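The values are calculated or read from the model by the stated rules, or taken from the named source; none is laboratory data. Just so it is clear, the structure is predicted and the values come from calculations on it, not from any experiment. Neighbour counts run over all protein chains shown; Cβ positions are idealised from the backbone, glycine included.
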Amino acid sequence: MTDATSSTAPFQTAAAAVESPVNSPARILLASLIGTTIEFFDFYVYATAAVLIFPALFFPNDDAMTALLASFATFSIAFFARPLGALVFGHFGDRIGRKATLVAALLTMGVSTVIIGFLPTYASIGVWAPLLLALCRFGQGFGLGGEWGGAVLMATENAPKGKESWYGMFPQLGAPLGLFLSSGLFLIILNFMPKATLLSWGWRLPFLFSIVLIAIGLWVRLSIAETPAFRRAIEKAERVKVPAAELFRTHKVSLFLGTFVALATFVLFYIGTAYLLAYNVKVIHVSLIDALEIQVWGAVVFGAFIPLAGVWGDRFGRRRVLIWTTVAIGVFSFALPALFTGGFWGVFGFATIAMALMGFTYGLIGGALAAPFPTPVRYTGASLTFNFAGIVGASLAPYIATYLQHNYGLNYVGYYMLAAAAITLVCILATKRNHV
């Protein structure tokens, strides 16, 4: 049901007509990149602390593995909050516009992160400490649930013909940049701060640093205009009253397939980051500094391959490149046990190859998940598929990998990654050619 009879439609249409497409390519790409960089910085700061800090300060236990699993369980809460954020922010993104919704999502994520930097620990307030941490983690997920879809649309809905994959990869660059900044900041702190000081108050600094990033993000986001596609939807009175209802009524298959098209992407990433970091530190006893250096290197490789994915996606077709990459992930899963037991250089090699593959799959997944949905429900549709994939592919990936390795051995972690790649490949092949 559309807004054709809305009494405000003439004024909205007039406003849309007056508002010419003033966004330059540089401004659009920076706005889509800066927001996801901030959001993923906040997200990965938590992921790093979940391995290095939170087991000791928020989940004290005589068994280190139990404390780590409890920390990873809290880590997973954000992924269950993300679809709720996608529904709420997606609704307003499809109803009132991409720009205002992106600002609100950025503030939700950022404020949740800053609050973590002020939380008292278990030693101070007991069980309330992990409960408050879980609440903030929920806020992080809720904000990110609304951020990603809008950032992708800000880029792709401004893309010229034939450049959709190139524009669509810019918000995806926020993931490696956020990972690089979060890991790099922890690395600097570890190099210049004794461990006792880190556990006392130093761990709070990366969370409080988010204040600076939020200010930069808001300045950039508030300077952009609405996307041409959304302005056209207003002019043609195409918006629907409840985007989520329309989505589940007419696009159920696209939602389902899109969720599993992104499955391998999420499983690969969280095995190659959060789980790998925990394995390095807790199992083979790599120093914290060396483990973070591997993660920083992985972020560099990840970021380097995303632009190549954008170029290849426009040249060879996004669908074809995603098929090649998914097959490569499945083949790579057989090397996981050997690389993980190969000492420092083995895990360094795993991180390098895993993050190169991540660059190819993640660089294209934004455009792939947005493509099946028409403009009136695109924000909600792209956000929900991405965040449903986060639940099935990422929320429990570090937990599942840690559990499998601890109880059955590394071969089963490889089988887990192989199964994810197989499911993703089937869903890509089942999706219409112009829908990936």
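Per-residue answers, yes or no, for (1) surrounded by fewer than 19 Cβ atoms within 10 Å (Cβ to Cβ); (2) within 29 Å of Ser223 (Cβ to Cβ):
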site: Leu52; (1), (2): no, no
site: Leu57; (1), (2): no, no
site: Ala64; (1), (2): yes, no
site: Leu69; (1), (2): no, no
site: Phe72; (1), (2): no, no
site: Lys99; (1), (2): no, yes
site: Val111; (1), (2): yes, yes
site: Leu135; (1), (2): yes, no
Conditions (1) without any contact (Cβ under 8 Å) to a residue 24 or more places away in the chain; (2) over 22 Å from Ala368 (Cα atoms); (3) part of a loop (DSSP other than H, G, I, E, B) -> Leu131 fails only (3)
Note on Ala354: of the conditions (1) modelled with pLDDT of 85 or more; (2) closer than 30 Å to Leu87 by Cβ, unmet is (2)
For the condition in contact with an Asp or Glu (Cβ under 8 Å, 6 or more places away or on another chain) and either closer than 23 Å to Pro171 by Cα or in contact (Cβ under 8 Å) with a residue 12 or more places away in the chain (or both), what is the one hit in Gly359, Gly381, Gly367, Gly409?
Gly367
Inter-residue pairs, beta-carbon under 9 Å, first more than 30 Å from Ile189 (Cα to Cα) and in the stretch 291-319, second outside any helix (DSSP H, G or I) and hydroxyl-bearing (Ser, Thr, Tyr), 6+ apart:
Arg319/Thr431
Answer with yes or no whether Gly303 is modelled with pLDDT under 95, surrounded by 15 or more Cβ atoms within 10 Å (Cβ to Cβ) and in contact with an Asp or Glu (Cβ under 9 Å, 6 or more places away or on another chain).
no
Check off (1) surrounded by fewer than 22 Cβ atoms within 10 Å (Cβ to Cβ); (2) farther than 21 Å from Ala215 by Cβ; (3) touching a helix residue (DSSP H, G or I) at 6+ places or on another chain (Cβ under 7 Å); (4) not aliphatic (A, V, I, L, M) for Gly126 and give me the number that stays unchecked.
(3)
Of all residues making up the stretch 154-181, the number that are under 20 Å from Val103 (Cα atoms) and assigned to a loop (DSSP other than H, G, I, E, B)
3
Failed item in (1) under 18 Å from Glu164 (Cα atoms); (2) in contact with a Gly (Cβ under 8 Å, 6 or more places away or on another chain); (3) polar (S, T, N, Q), with Thr361 passing the rest:
(2)
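Can you tell me how many residues in the stretch 157-201 are under 30 Å from Val377 (Cβ atoms) and among the polar types (S, T, N, Q)?
Of the residues in that region, 3 qualify.
Out of the residues in the stretch 320-335 that are among the aliphatic types (A, V, I, L, M) and under 30 Å from Phe186 (Cα atoms), state the one that is surrounded by the fewest Cβ atoms within 10 Å (Cβ to Cβ). Give the derivation first.
Just the residues of the stretch 320-335 that are among the aliphatic types (A, V, I, L, M), to begin with: 321-323, 327-329, 331, 335.
Still in the running and under 30 Å from Phe186 (Cα atoms): 329, 335.
Working: Ile329: 26, Ala335: 16.
In this case the residue turns out to be Ala335.
Looking for whichever is over 30 Å from Gly90 (Cα atoms), modelled with pLDDT of 90 or more and not hydrophobic (A, V, I, L, M, F, W, C) here; the options are Gly359, Gly363, Gly349, Gly343. Which one fits?
Numbers: Gly359 fails: over 30 Å from Gly90 (Cα atoms); Gly363 fails: over 30 Å from Gly90 (Cα atoms); Gly343 fails: modelled with pLDDT of 90 or more.
Sole residue among the options that is over 30 Å from Gly90 (Cα atoms), modelled with pLDDT of 90 or more and not hydrophobic (A, V, I, L, M, F, W, C): Gly349.
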Would you confirm whether or not the stretch 61-83 contains a residue that is more than 22 Å from the chain's Cα centre (by Cα), closer than 30 Å to Met154 by Cα and not in a loop (DSSP other than H, G, I, E, B)?
no
Any residue at all in the stretch 248-269 that is at pLDDT below 90, surrounded by fewer than 18 Cβ atoms within 10 Å (Cβ to Cβ), out of contact with any helix residue (DSSP H, G or I) (no Cβ under 7 Å at 6 or more places or on another chain) and among the aromatic types (Phe, Trp, Tyr)?
yes
Filter the stretch 336-382 for residues that are assigned to a helix (DSSP H, G or I) and in contact with a Lys or Arg (Cβ under 8 Å, 6 or more places away or on another chain); which is surrounded by the fewest Cβ atoms within 10 Å (Cβ to Cβ)?
Thr375
